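For reference, the structure is listed below as structure tokens.
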Amino acid sequence: MPIDDPTTATPSEIDEELARLGIEHAKATDAVNGLTARVQRLVNDGMAEYATELRPRIEQARQTIAECEAAARPLDTEFERRGGWTRAWLVLNTGGHVHRTMQCRTCFPSTRFAWLTQLSGHDETEIVEQAGKAACTECYPSAPVDVRNRPSRIKTPEQLAREAEKAERAKAKAAKAITAPDGTPLRTKQYGQIDTEFTARRSYVDALSYARRLTKRNVAFHRDTIAEYHEDAQLILAALAAKHGRTEDDLRAELAPKVEAKWNREHRNWD
């Protein structure tokens, strides 16, 4: 994201923004080159009127290039002001190495890199420790042999972002989930296995309201079924209490209006 004051930003924050600006700059540059070539082809084919329609898009892309360059300038200035800091790049191919610079003599103009902005400003010893066998011996000649024999723990910013998203999804899923108090699946007789809190609350309300309906119809005939519904409701209540660290009485009182509402809406006038 844009950095208002580079002097207070960390190397990783600055380089992350520079990387983002670099990507936007590259996209805009490709757009200018591609659109300019299309315009030239149209003009050569005698269709200049169609070429005119593309010129606003070219100007927009050029504006993006200018904005990216302007935004990057103070960040590059801050890098110079601090005397620079360590940076690392990972070559994007199978077995690609980690380099301290994209100008390493073992690389080529066509080499594709991932900028490891999360390591910007870190001690080179730490970078080598994470890179392991992926550490370039040209860039890090003093890396210990035992370290260079270890598996690499390096991940690109994109991989880290995907992992963070996955963790957030897992966290959200866990927030919705429910189990028995001992951590085993919450299994009930009338509702089967209940996996989410939403279903648990809905099943609790349904169990008590329907048990009440069966009681009204013929308590003697439905005694066993009524008992199962009450047993399910108690299991669910205990699971909810364990999940939220609340008392069963507290939750019972909270859910009582919903039980009563379902009874009035669906069961009171039956039979």
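The values are calculated or read from the model by the stated rules, or taken from the named source; none is laboratory data. Nothing here was measured: the structure is a model prediction, and the numbers come from that model. Note that we place each Cβ from the backbone using ideal geometry, even for glycine, and neighbour counts take in every protein chain shown. The accessibility values were calculated without ligands, DNA or RNA, using every heavy atom of the protein model including side chains. Shrake-Rupley method; radii C 1.70, N 1.55, O 1.52, S 1.80 Å.
Restricting Thr199, Thr137, Thr188 to residues that are over 32 Å from the mean Cα position of the chain (by Cα), within 30 Å of Pro257 (Cα to Cα) and either open to solvent by less than 40 Å² (accessible area, probe 1.4 Å) or not aromatic (Phe, Trp, Tyr) (or both) narrows the list to Thr188. Just one of the numbered conditions (1) among the β-branched types (Val, Ile, Thr); (2) closer than 24 Å to Ala19 by Cα; (3) surrounded by fewer than 18 Cβ atoms within 10 Å (Cβ to Cβ) is not true of Val145: (2). No other residue among Thr86, Thr179 is in contact with a helix residue (DSSP H, G or I) (Cβ under 7 Å, 6 or more places away or on another chain), at pLDDT 95 or above and open to solvent by 50 Å² or more (accessible area, probe 1.4 Å) apart from Thr179.
Conditions tested, residue by residue: (1) touching a strand residue (DSSP E or B) at 6+ places or on another chain (Cβ under 6 Å); (2) closer than 21 Å to Leu90 by Cβ.
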| site | (1), (2) |
| --- | --- |
| Val128 | yes, yes |
| Thr137 | no, yes |
| Pro144 | no, yes |
| Arg150 | no, yes |
| Pro157 | no, yes |
| Ala161 | no, yes |
| Ala172 | no, no |
| Thr179 | yes, no |
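Filter the stretch 108-121 down to the residues that are outside any strand (DSSP E or B) and open to solvent by less than 20 Å² (accessible area, probe 1.4 Å) and list them by number.
Leu116, Thr117, Leu119, Ser120
Checking Leu42 against (1) within 30 Å of Ile14 (Cβ to Cβ); (2) modelled with pLDDT under 95; (3) open to solvent by less than 60 Å² (accessible area, probe 1.4 Å); (4) not basic (Lys, Arg), which single condition isn't satisfied? So the condition that Leu42 fails would be (1).
Can we say Gly132 is outside any helix (DSSP H, G or I), of a type in the set (Gly, Ala, Ser), open to solvent by less than 40 Å² (accessible area, probe 1.4 Å) and over 21 Å from Ile23 (Cα atoms)?
Here the answer is no, as Gly132 does not meet what is asked.
Give me the residue from the stretch 220-253 that is in contact with a helix residue (DSSP H, G or I) (Cβ under 7 Å, 6 or more places away or on another chain) and not in a helix (DSSP H, G or I) and, out of that set, most open to solvent (accessible area, probe 1.4 Å). Among them, the one singled out is Thr247. On the given criteria, is Arg201 touching a His at 6+ places or on another chain (Cβ under 6 Å) and among the charged types (D, E, K, R)? Considered against the rule, which asks whether it is touching a His at 6+ places or on another chain (Cβ under 6 Å) and among the charged types (D, E, K, R), Arg201 comes out as no.
Does any residue of the stretch 161-170 turn out to be at pLDDT 90 or above, in contact with a Phe, Trp or Tyr (Cβ under 6 Å, 6 or more places away or on another chain), more than 30 Å from Glu78 (Cα to Cα) and not aliphatic (A, V, I, L, M)? No, the stretch 161-170 contains no residue that is at pLDDT 90 or above, in contact with a Phe, Trp or Tyr (Cβ under 6 Å, 6 or more places away or on another chain), more than 30 Å from Glu78 (Cα to Cα) and not aliphatic (A, V, I, L, M).
Looking at the stretch 27-35, is at least one residue open to solvent by 100 Å² or more (accessible area, probe 1.4 Å), free of Cβ contacts under 8 Å to residues at least 40 places away in the same chain and under 23 Å from Thr111 (Cα atoms)?
Within the stretch 27-35, one or more residues are open to solvent by 100 Å² or more (accessible area, probe 1.4 Å), free of Cβ contacts under 8 Å to residues at least 40 places away in the same chain and under 23 Å from Thr111 (Cα atoms).
Take the stretch 1-26 and flag every residue that is farther than 19 Å from Leu160 by Cα, in contact (Cβ under 8 Å) with a residue 60 or more places away in the chain and open to solvent by 90 Å² or more (accessible area, probe 1.4 Å). Scanning the stretch 1-26 gives a single hit, Pro2.
The set of residues in the stretch 242-271 being touching a Lys or Arg at 6+ places or on another chain (Cβ under 9 Å) and either on the phi < 0 side of the Ramachandran plot or in contact (Cβ under 8 Å) with a residue 60 or more places away in the chain (or both) consists of Glu254, Leu255, Lys258, Val259, Trp263, Glu266, His267, Arg268, Trp270.
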